[in-house]
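Single-structure report; data block below.
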Amino acid sequence: MTDSSVLIDMQNLTKVYQMGETKVVALDGVSLSIDEGEYVAIVGTSGSGKSTLMNIVGLLDRPTDGVYQIRGQSAGELTGRQLADLRNREIGFVFQQFNLLARAPAWRQVELPLFYANVAGSAARERALETLAQVGLADRADHKPEELSGGQQQRVAIARALVNRPSLLLADEPTGALDTRTGEEVLALFEKLHEEGLTLVIITHDQEVAERARRVITMRDGVVISDSGGAGTAAAGGGSNGLSEPALASLPRPVAIVQVEEKVYEAG
Amino acid sequence: MKLVRYFPVAVSSIRANKMRASLTMLGIIIGVAAVLIILGVGRGASEDILGEVASQGTTRLTISPRTGSNGDSAGSSVETLTMGDVRTLSDPAFHPDVRQVAPQYGGSIQVVAGNENTRARVTGTTAAYADVHKLEIAEGRFLTEDEITQMSSVIVIGTTVATDLFGRTQVVGESVRISGEPFTVVGVLEESGNAGFGSNDDSGFIPIGVAHGRVFNVPRYRGEYVVTSISADAVSEERVDAAEQQIEQTLRLRHGLGADDDSDFSISTQASLLDTIGSVTSTLTLLLSSIAAISLLVGGIGIMNIMLVSVTERTKEIGLRKALGAHTSDVLLQFLVESLVLTLLGGLIGIAISYGAAALVSRIPGFPIDVLIGIDALVMALGVSAGCGLVFGLYPAMRATRLDPIVALRYE
């Protein structure tokens with residue numbers, strides 16, 4: 001361990017997909033470092049490599065080359081089992097489509113990661129209810145997804161991501177399926193969590209979402225083209241998002257157009 | 001074992017698809033119920049027969065002629081068991097373990113009383129027969145020694161014969177005719193209650209001398225009347241084998257058989273009869289249950305099919321679980337336990353149905369056998385259901401573990 005405040009460290013990450021005869025380079029030598037307590041947005045158009053980066057950061061995928069360290073542990077040296085345990089303890093996932101289990105009440109959803117952390121029974125239930133209270137849904141614990149609004153569903157998903165007290169919350173288009181007002185609820189919650197010291201990494205193409213973050217990393221064609229604050233330079237809770245000119249220029253065009261692109265991407 | 005913790009997950013997933021789950025279980029339910037009922041019927045039938053055999057005494061030996069295999073009459077079917085053999089076997093000096101001997105000669109013949117007539121199995125025998133065969137008398141008595149030696153025209157009949165001829169069973173003192181010869185009824189046998197094995201309801205017993213001399217046209221062998229069979233009673237169950245040896249020795253000597261010759265008679269004991277019945281019923285039961293087991297196989301394939309559908313349907317859930325930290329083994333066990341719960345539940349319902357069927361059958365009046373489902377069959381049924389779940393759930397569960405979480409999370 002070099003620096004105890006460094007949570008994530010990437011050195012020269014590349015990811016190459018073999019698509020039939022052709023090779024697709026999704027990541028082309030990305031080096032990044034994220035400290036504990038940072039609030040980072042990774043932006044870029046579809047095909048920029050941001051999703052691939054998120055999968056690697058989330059330990060769901062392995063890089064073709066390069067070193068990825070989380071809390072000083074090199075992911076390349078870990079077994080599938082160890083990676084699963086790290087995902088369980090260190091990383092909380094928030095997805096665009098919430099990915100809640102149908103028919104299960106909210107507290108059951110939140111309890112799910114505890115099941116894989118071998119916490120069971122009333123201890124698990126209590127912690128699930130506690131975490132639901134933390135996202136402001138104490139009175140919705142017994143509601144099933146179909147009885148909750150989109151914003152509430154996403155907050156349940158966030159509670160699920162937080163229940164194991166991870167070091168990192170990894171959100172992929174967390175407001176993508178929400179309207180502006182409920183999206184705002186979720187962003188306000190992120191703000192609160194950030195102030196409580198949680199490290200947040202949000203993947204988005206939404207400029208407004210990105211602007212809320214303290215640090216914005218812009219990607220294009222598998223490389224980082226701008227970074228508003230290098231590792232350690234953006235102080236936690238620093239306030240300014242410090243977007244540089246090129247970063248702004250590379251930000252996605254207006255939302256409507258991007259969403260069309262997004263659909264193409266999803267279908268692919 | 002932490003296996004238990006996967007059960008709530010499995011149960012809630014099954015409850016989410018009740019209709020599908022119950023249709024899937026149907027195969028296992030039918031298979032288990034069919035196997036159990038068939039095993040129960042087989043067991044009931046064999047207990048019934050074995051009980052019947054045992055009630056007739058386990059000390060009995062039956063000597064039957066084996067036709068056409070001795071030196072004198074190779075190829076022909078001359079019966080060589082005679083009254084001479086019976087007299088010799090009755091000598092306790094050479095057969096200390098043989099208590100009593102009763103010859104039989106009989107056949108199916110018309111019995112007439114007034115305007116009524118019926119066909120009965122009429123057997124000529126001696127007074128010892130009642131004791132050797134543990135006959136129970138409802139009315140009157142069995143044949144006496146005096147009647148045998150004096151060749152009296154008397155008959156003891158079964159209840160079917162009595163009711164066919166007289167419409168009642170209190171017929172002691174009545175007269176019947178066989179081959180034009182009048183007989184006085186001196187006794188009526190106790191009704192045996194079933195038309196099956198060992199029943200004497202359609203029988204009649206007359207003195208052996210009468211059967212030989214007046215009723216049947218009986219051939220002679222070396223000057224002696226032949227007999228259809230000889231029953232002997234050993235002094236005790238332990239001495240049955242010794243009695244068998246003594247009888248065999250005497251008969252081989254009397255029939256002039258050399259050391260290399262095959263016996264021209266065979267001796268069967270109740271024990272050997274029990275063995276034979278046991279092996280016949282178990283072979284039959286095995287055959288029938290393997291047919292029933294095919295429906296278990298079909299049910300198992302149904303389980304596999306539905307589990308594969310379930311895995312595909314829940315691709316996204318599997319991806320999510322993996323992202324949230326599920327190990328490969330967690331995913332494997334989740335789906336294995338789910339198919340295990342399906343088949344175990346099916347097995348339990350199948351067991352309940354088979355028990356219901358057994359209880360129902362026992363209420364049908366006059367149904368000849370009970371359906372007996374033993375604990376061993378229950379354990380086997382549960383084991384087989386669980387085995388089905390594990391075997392047919394394994395492949396779908398392995399499919400689930402192989403899903404890539406990134407792809408699975410995007411799955412629509």
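Miscellaneous remarks
- Unique match (being assigned by TED's automatic domain parsing to the domain that holds residue B:215, part of a loop (DSSP other than H, G, I, E, B) and open to solvent by less than 80 Å² (accessible area, probe 1.4 Å)) among B:88, B:123, B:80, B:118: B:80
- Count - residues of the range B:139-159 that are touching an Asp or Glu at 6+ places or on another chain (Cβ under 8 Å) and open to solvent by 50 Å² or more (accessible area, probe 1.4 Å): 0
- Restricting attention to the range A:151-186, the residues that are surrounded by 17 or more Cβ atoms within 10 Å (Cβ to Cβ) and either in a helix (DSSP H, G or I) or touching a His at 6+ places or on another chain (Cβ under 8 Å) (or both) add up to 17.
- Some residue of the range B:391-399 being in contact with a Gly (Cβ under 7 Å, 6 or more places away or on another chain), of a type in the set (A, V, I, L, M) and buried (at least 16 other Cβ atoms within 10 Å of the Cβ): no
- Evaluation of residue B:284 against (1) over 16 Å from residue B:388 (Cα atoms); (2) touching a residue at least 60 places away in the same chain (Cβ under 8 Å); (3) open to solvent by less than 60 Å² (accessible area, probe 1.4 Å); (4) of a type in the set (A, V, I, L, M) (one fails), failing number: (3)
- For the range A:74-103, the set of residues classified as loosely packed, with under 15 Cβ neighbours inside 10 Å and among the polar types (S, T, N, Q) consists of A:74, A:79, A:82, listed by residue number.
- Residues that are small (Gly, Ala, Ser) number at least 1 in the following strands (runs of 3 or more DSSP E) confined to the range A:4-76: A:22-35, A:39-43, A:65-70.
- Scanning the range A:121-139 for residues that are away from chain B (no Cβ under 14 Å), assigned to a helix (DSSP H, G or I), in contact with a helix residue (DSSP H, G or I) (Cβ under 8 Å, 6 or more places away or on another chain) and open to solvent by less than 70 Å² (accessible area, probe 1.4 Å) gives A:127, A:129, A:132, A:138.
- Enumeration of residues in the range A:191-208 that are surrounded by 18 or more Cβ atoms within 10 Å (Cβ to Cβ) and at pLDDT below 90: A:205, A:206, A:207
- Within the range A:110-120, considering residues that are in a helix (DSSP H, G or I) and more than 10 Å from every other protein chain (Cβ to nearest Cβ), the one least open to solvent (accessible area, probe 1.4 Å): A:110
- Evaluating residue B:53 against the criteria (1) surrounded by 15 or more Cβ atoms within 10 Å (Cβ to Cβ); (2) at pLDDT 85 or above; (3) of a type outside the set (Phe, Trp, Tyr) leaves one unmet condition, (2).
- Taking residues in the range B:385-410 that are away from chain A (no Cβ under 14 Å) and among the hydrophobic types (A, V, I, L, M, F, W, C), and partners anywhere that are open to solvent by 50 Å² or more (accessible area, probe 1.4 Å) and part of a helix (DSSP H, G or I), the pairs with Cβ atoms closer than 8 Å and at least 6 places apart or on different chains are B:386/B:344; B:392/B:301; B:392/B:304.
- Residue B:171 of a type outside the set (Ser, Thr, Tyr), at pLDDT 90 or above, surrounded by 17 or more Cβ atoms within 10 Å (Cβ to Cβ) and assigned to a loop (DSSP other than H, G, I, E, B): yes
The values are calculated or read from the model by the stated rules, or taken from the named source; none is laboratory data. These numbers come from a predicted model, not from an experiment. We place every Cβ from the backbone using ideal geometry, glycine too, and count neighbours over all the protein chains shown. What goes into the accessible areas is simple: the full protein's heavy atoms, side chains included, and nothing from ligands, DNA or RNA. Shrake-Rupley method; radii C 1.70, N 1.55, O 1.52, S 1.80 Å.
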